[in-house]
Amino acid sequence: MIRIARSLALLASVTASACYTGPSVGSFPPAMSGHGIEGTVHLDHTRLAGELLDASDSGYVLLSDRAIFYTPYIAVKSAGFSGVGSHRDGRPDPEMLERLRLVSRFPKGITPAMLQALLADLRQTKVEVITQ
């Protein structure tokens with residue numbers, strides 16, 4: 001009887017450990033690099049692409065290869081982010097916004113000091129606000 005119980009416990013343990021529940025650290029770029037996920041935001045006349053630094057309550061902060069951009073949700077026609085998904089017209093739903101925050105470079109928000117350091121590194125004096 002003890003032998004059967006041990007066998008069942010071992011079988012349950014092996015079965016539980018074999019379950020796949022999401023991406024591994026090795027296959028999730030933000031976990032490997034410390035950078036946020038890549039995304040593309042479409043406005044009326046502009047397409048912004050780059051690393052998601054922050055998904056704030058009011059808009060996206062993206063780092064392209066040449067500058068830091070901010071675009072308010074009200075100006076967003078559509079947006080898509082690798083591994084998270086996409087949305088249309090304005091602010092993402094609360095669930096998607098929370099996921100975006102978690103996979104951005106600054107999940108707790110970008111502080112003024114961090115922003116100034118990034119701007120200085122890019123030789124940029126202020127965040128470029130894009131609304132169209």
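Would you point out the residue of region 6-43, among those that are surrounded by 10 or more Cβ atoms within 10 Å (Cβ to Cβ) and part of a loop (DSSP other than H, G, I, E, B), that is modelled with the lowest pLDDT? Among them, the one singled out is PHE28. Looking at region 44-132, what strands (runs of 3 or more DSSP E) fall wholly within it and have at least 1 residues that are surrounded by fewer than 15 Cβ atoms within 10 Å (Cβ to Cβ) and free of Cβ contacts under 8 Å to residues at least 12 places away in the same chain? Correct list: 47-55, 85-88.
The values are calculated or read from the model by the stated rules, or taken from the named source; none is laboratory data. Note that the coordinates shown come from a computational prediction; the quantities given were computed from them, not determined experimentally. Please note: Cβ atoms are built from the backbone with ideal geometry, for glycine as well, and neighbour counts cover all protein chains shown.
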